[in-house]
Amino acid sequence: PEGMGQAMLDDPRLGKIQFTGSSRVGRILMDGASRTITRLSLELGGNAPVIVLPDDDVARVAAGGTTAKYRNGGQVCIAPQRFIVHESIADEFADVAAARSADLTVGDPMDGGTDIGPMINEPQRERVERIVTETSDAGADVRTGGERLDRPGYFFAPTVLSGTLDGTPVMTEEIFGPVMPVTSFSDLDEAVAMANAVDQGLTAFVWTNRLGTAMDVSERLEYGMVGINDWYPVTAEAPFGGMKQSGLGRESGTEGILEYLEAKTRYFGGTA
């Protein structure tokens, strides 16, 4: 609650704030913490790009990407979001993703037969619906889904978009929902530029069978975590966190422990 947060920000005894949530709230906390010079660790929004090179198995990557995308209905900060696929395989990638998306069972998450559950609330479903509508109106192709489901609950159909996506909300905003945009690139520099062209920098993904390409691209991506041929780049022993408006500091790993410590230097002179 806002009152609780404000009470913590106003109390000089508070030594540190660790927050996971939106970039908007993160900025509010930074403003408030400036009054008492309180340390912050902020894990904020994500807008994860996925760069897919043509030297990998396109069907396998598309299938795995679909599964990773819809985890928790796409409502995961490190969920793959913007699929930036080489032009030679982009259509096949979108076809596989659309077919798998259309085959998912949407329903009660407590039901063992359900593949994907509802959105968290109505405002979030309306936001996702707006993003899809504005992107479609701009000329994007809706391969499957694209609409809310007429049933009790905040359900939205698993959606795959392709075609005209550059500059549309589906590429610039954090979706946080079951929507999978697929766009194409011809040049690797173009793909990296597209990946970096957002304010967030939490997680990115690269799929290629060439080690040199993987190392080069991952170094150039402005993201705190990069999954190379891996959809779940999270482990307790590795630092978790992002760049730019995705936050400050790190969780987990040695780096995460150091966030809760203060360095102290002691100098000992000789005897009097």
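The values are calculated or read from the model by the stated rules, or taken from the named source; none is laboratory data. Just so you know, these numbers come straight off a predicted model, no measurement behind them. Here the Cβ is made from the backbone with ideal geometry for all residues, glycine too, and neighbour counts use every protein chain on show. Side chains included, ligands, DNA and RNA excluded: accessible areas come from the protein's heavy atoms. Shrake-Rupley method; radii C 1.70, N 1.55, O 1.52, S 1.80 Å.
For region 78-102, the candidate set comprises residues that are among the charged types (D, E, K, R) and surrounded by 17 or more Cβ atoms within 10 Å (Cβ to Cβ); within that set, the residue that is nearest to residue 150 (Cα to Cα) is 100.
This table checks each residue for (1) open to solvent by 70 Å² or more (accessible area, probe 1.4 Å); (2) among the small types (Gly, Ala, Ser); (3) in contact with a Ser or Thr (Cβ under 6 Å, 6 or more places away or on another chain); (4) touching a residue at least 12 places away in the same chain (Cβ under 8 Å).
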site	(1), (2), (3), (4)
129	no, no, no, yes
144	no, no, yes, yes
147	yes, no, no, yes
151	yes, no, no, no
154	yes, no, no, yes
160	no, no, yes, yes
164	yes, no, no, yes
170	no, no, yes, yes
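On the stretch given as region 216-236, residues that are without any contact (Cβ under 8 Å) to a residue 60 or more places away in the chain and either of a type in the set (D, E, K, R) or open to solvent by 70 Å² or more (accessible area, probe 1.4 Å) (or both) total 6. Among the residues making up region 47-69, a single one is among the acidic types (Asp, Glu) and free of Cβ contacts under 8 Å to residues at least 12 places away in the same chain: 57.
How many residues are among the β-branched types (Val, Ile, Thr) and under 25 Å from residue 202 (Cα atoms) if we restrict to region 250-266? Give the derivation first.
Our first condition is that a residue be among the β-branched types (Val, Ile, Thr); within region 250-266, this holds for 254, 257, 265.
Okay, now just the ones that are also under 25 Å from residue 202 (Cα atoms), so 254, 257.
Total satisfying the criteria: 2.
Of 204, 197, which residue is small (Gly, Ala, Ser) and within 24 Å of residue 96 (Cα to Cα)? Reasoning before the result, please.
Values: 197 fails: within 24 Å of residue 96 (Cα to Cα).
Exactly one residue qualifies, and that residue is 204.
Taken residue by residue, region 103-117 has no member that is closer than 23 Å to residue 56 by Cβ, in contact with a strand residue (DSSP E or B) (Cβ under 6 Å, 6 or more places away or on another chain), crowded, with 19+ Cβ neighbours inside 10 Å and not small (Gly, Ala, Ser).
Limited to region 237-268, what total is found for residues that are open to solvent by 70 Å² or more (accessible area, probe 1.4 Å), without any contact (Cβ under 8 Å) to a residue 60 or more places away in the chain and not β-branched (Val, Ile, Thr)?
Taking region 237-268 first, the residues open to solvent by 70 Å² or more (accessible area, probe 1.4 Å) are 237, 243-245, 248, 254-255, 257-258, 260-268.
Now narrow it down to the ones that are without any contact (Cβ under 8 Å) to a residue 60 or more places away in the chain: 237, 243-244, 254-255, 257-258, 261-268.
Of the ones still in play, those that are also not β-branched (Val, Ile, Thr) are 237, 243-244, 255, 258, 261-264, 266-268.
So the answer is 12.
Among the candidates 72, 47, the residue that is within 29 Å of residue 25 (Cα to Cα) and open to solvent by 40 Å² or more (accessible area, probe 1.4 Å) is uniquely 72.
Looking only at region 197-215, how many residues end up being open to solvent by 10 Å² or more (accessible area, probe 1.4 Å), touching a residue at least 40 places away in the same chain (Cβ under 8 Å) and more than 10 Å from residue 229 (Cβ to Cβ)? Reasoning before the result, please.
Keep residues of region 197-215 that are open to solvent by 10 Å² or more (accessible area, probe 1.4 Å), which gives 197-200, 207, 209-213, 215.
This time we only want the ones that are touching a residue at least 40 places away in the same chain (Cβ under 8 Å), so: 198-200, 207, 209-210, 213.
Within this subset, residues satisfying the condition of being more than 10 Å from residue 229 (Cβ to Cβ) are 198-200, 210, 213.
Number satisfying all stated conditions: 5.
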